[in-house]
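Where a number appears in this text, it was derived from the coordinates with a stated rule and is not lab data. None of these values were measured; they are calculated from a predicted model. Cβ placement follows ideal geometry from the backbone for every residue including glycine, while neighbour counts extend to all protein chains displayed.
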Amino acid sequence: MRVLYVEDDAMNRKVMRAMLSSSGATMSEAVDGQAGVDAVERDEFDLVLMDLRMPGMDGLTAIKHIRQRGDAKARLPIIVVTADTAPNMREDCLRIGADDVVYKPVAVKLLFSAIGQVLSRR
């Protein structure tokens, strides 16, 4: 499985790479929403993991850009990975087009459960 992780924090990217590699997944990285949108444009992925709070283009805006594409990549599974626990945050993410939300610090079991559920719905 090819995963794009859009996250501005280098340590979070390192931890996610270790988690994903334990399952045999390969991970590409983008450091902000615009870099994530650009990566989706040029490469093929099975899944996007998207942080919300990043400098430049934030995760919600990046999700909107991906969902507005006129091709198959607009339906790319996207799971938000965030520390934001605001009351309506989950609903906002799902309304924008995210397929699920996983909270930081990420528990491996919950991450893989969310990935399995999202991919099975696609």
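Only a single criterion out of (1) surrounded by 13 or more Cβ atoms within 10 Å (Cβ to Cβ); (2) over 19 Å from GLY33 (Cβ atoms); (3) free of Cβ contacts under 8 Å to residues at least 60 places away in the same chain; (4) not polar (S, T, N, Q) is not satisfied by ASP92, namely (2).
Based on what the data block shows, is LEU111 surrounded by 15 or more Cβ atoms within 10 Å (Cβ to Cβ), under 17 Å from ALA25 (Cα atoms) and touching a residue at least 40 places away in the same chain (Cβ under 8 Å)? I'd like the intermediate steps shown before the answer.
Values: surrounded by 15 or more Cβ atoms within 10 Å (Cβ to Cβ): yes; under 17 Å from ALA25 (Cα atoms): yes; touching a residue at least 40 places away in the same chain (Cβ under 8 Å): yes.
When the stated conditions are applied, LEU111 passes them.
The number of residues in the range 48-64 that are surrounded by fewer than 22 Cβ atoms within 10 Å (Cβ to Cβ) and of a type in the set (A, V, I, L, M) comes to 2. Screening LEU119 against (1) of a type outside the set (S, T, N, Q); (2) within 21 Å of ARG13 (Cβ to Cβ); (3) touching an Asp or Glu at 6+ places or on another chain (Cβ under 9 Å); (4) in contact (Cβ under 8 Å) with a residue 40 or more places away in the chain leaves a single unmet condition, (2).
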